[in-house]
Amino acid sequence: MQITSVVNQKGGVGKTSLSVGAAAALAERGKRVLLIDLDPQGHASTEMLGLPEVPSHLPSMAKALTKMWKGPVEELVVPHTRSNIGRGGAFDVIPTSPGMFDLIRRLDQFRVPGWQLARVIQFANYDHVIIDCPPALDVLTNNAIAASNGILVPVQPDRTSIRALRLLHDQIQYVEQMVNRPPITYFGIVPGLYRRPISHYAMAALNELHTFNIPVLNHLPLGVVVNEAAARGIPVTTYAPETVQAESFRQIAATLEQYRENQTGGPIVPEEEFVFENFITEVSKARTANDNGARKKLYDFMPKRPRDGV
């Protein structure tokens, strides 16, 4: 299973469109694909694919990341059935949920921040996992980076994207050191959201992006077809399969699949640190829940002091 994060702390660069388009194009190729909407704003699942938010009483990614729910990842998944899916493929989505907005504060409390997402999805049964990251270099993005084999970086061909790319590079190095994992592969830069024909200013910025020695993949120029597809809750590859945008998504998907075929393995998720106090707390909660309230409190697990004369 190859895990790819679509990441850029700069907003408005086409990150969500790239996440959905690449995932849909992989499913069209007959691959089993899971798209994770890690952005609390939820544009990938709600705006682009027309899926509802997860109700607060059901299992969600927010609950899984904070260990409020510990079931299998399959229970978080919603299939997107209105996509062109090749034989043997699947296009599944983990949508956003209301609890995502409060995650940053809660995840910062963990002893080893960064590995929570990897633990949630490590036993998922897919060829590809695509993670749509929030537009910020926060703990959610760090979780995505730590879990990933590689990243896609959508950019606009302008000077601000060049500075954002440098900051992202520094953040990735920080995450690699923080969680002690192998270097993350840059699957490629994806220029987009520019008008055709491309201007001299944009072309100059593209030329400077090439100096980062990161592969520059197919472009995704502006097109109303992306908005039209989102309004119907279906990917561009299904809504307008013969457009320039759809073909670009397919070429990007082919690049990701080539990386998957050549990969030698991903990051190794560390074992959960055993903390005795946490163990006792868990046992105490379980015992309290099953003894009709007859025995409570942690002192029940302490050796009983013998009574005088007994």
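The values are calculated or read from the model by the stated rules, or taken from the named source; none is laboratory data. These numbers come from a predicted model, not from an experiment. Positions of Cβ are backbone-derived with ideal geometry, glycine not excepted, and every protein chain shown enters the neighbour counts.
Out of all the residues in segment 173-186, is one or more in the same structural domain as H200 (by TED's automatic domain parsing) and in a strand (DSSP E or B)?
Yes, segment 173-186 contains a residue that is in the same structural domain as H200 (by TED's automatic domain parsing) and in a strand (DSSP E or B).
Failed condition for A118, given (1) surrounded by 22 or more Cβ atoms within 10 Å (Cβ to Cβ); (2) assigned to a helix (DSSP H, G or I), with all others met?
(1)
Specify the residue that is modelled with the lowest pLDDT; the eligible residues are those in segment 249-262 that are over 19 Å from the mean Cα position of the chain (by Cα) and within 11 Å of Q2 (Cβ to Cβ).
Across segment 249-262, the extreme among qualifying residues is N262.
Filter segment 81-98 down to residues that are touching a Gly at 6+ places or on another chain (Cβ under 6 Å) and crowded, with 21+ Cβ neighbours inside 10 Å, then give me how many there are.
The qualifying residues number 1.
Just one of the numbered conditions (1) of a type in the set (A, V, I, L, M, F, W, C); (2) within 21 Å of the chain's Cα centre (by Cα); (3) at pLDDT 90 or above is not true of V225; which one?
(2)
State yes or no: is L217 surrounded by 14 or more Cβ atoms within 10 Å (Cβ to Cβ), over 26 Å from the mean Cα position of the chain (by Cα), at pLDDT 85 or above and within 22 Å of V244 (Cα to Cα)?
no
Criterion first (assigned to a helix (DSSP H, G or I), assigned by TED's automatic domain parsing to the domain that holds N218, free of Cβ contacts under 8 Å to residues at least 60 places away in the same chain and over 17 Å from the mean Cα position of the chain (by Cα)) does R87 satisfy it?
No, not satisfied.
What number goes with the only condition from (1) modelled with pLDDT of 95 or more; (2) of a type in the set (A, V, I, L, M); (3) in a loop (DSSP other than H, G, I, E, B) that V33 does not pass?
All conditions pass for V33, except number (3).
Given the criteria touching a helix residue (DSSP H, G or I) at 6+ places or on another chain (Cβ under 7 Å), of a type in the set (V, I, T), closer than 18 Å to S5 by Cβ and at pLDDT 90 or above, does I94 qualify?
Against the criterion (touching a helix residue (DSSP H, G or I) at 6+ places or on another chain (Cβ under 7 Å), of a type in the set (V, I, T), closer than 18 Å to S5 by Cβ and at pLDDT 90 or above), I94 qualifies.
Hey, among the residues in segment 1-30 that are at pLDDT below 95, of a type outside the set (V, I, T) and in contact with a helix residue (DSSP H, G or I) (Cβ under 8 Å, 6 or more places away or on another chain), which one's nearest to V190 (Cα to Cα)?
Among those that are at pLDDT below 95, of a type outside the set (V, I, T) and in contact with a helix residue (DSSP H, G or I) (Cβ under 8 Å, 6 or more places away or on another chain), it is N8.
State which residue pairs qualify: first residue farther than 24 Å from N84 by Cα and in the same structural domain as T238 (by TED's automatic domain parsing) and inside segment 37-55, second residue surrounded by fewer than 24 Cβ atoms within 10 Å (Cβ to Cβ) and among the aliphatic types (A, V, I, L, M) in any location, beta carbons under 7 Å apart, and separation of 6 or more residues or different chains.
Once the first residue is farther than 24 Å from N84 by Cα and in the same structural domain as T238 (by TED's automatic domain parsing) and sits in segment 37-55, its partners that are surrounded by fewer than 24 Cβ atoms within 10 Å (Cβ to Cβ) and among the aliphatic types (A, V, I, L, M) give P40/M100.
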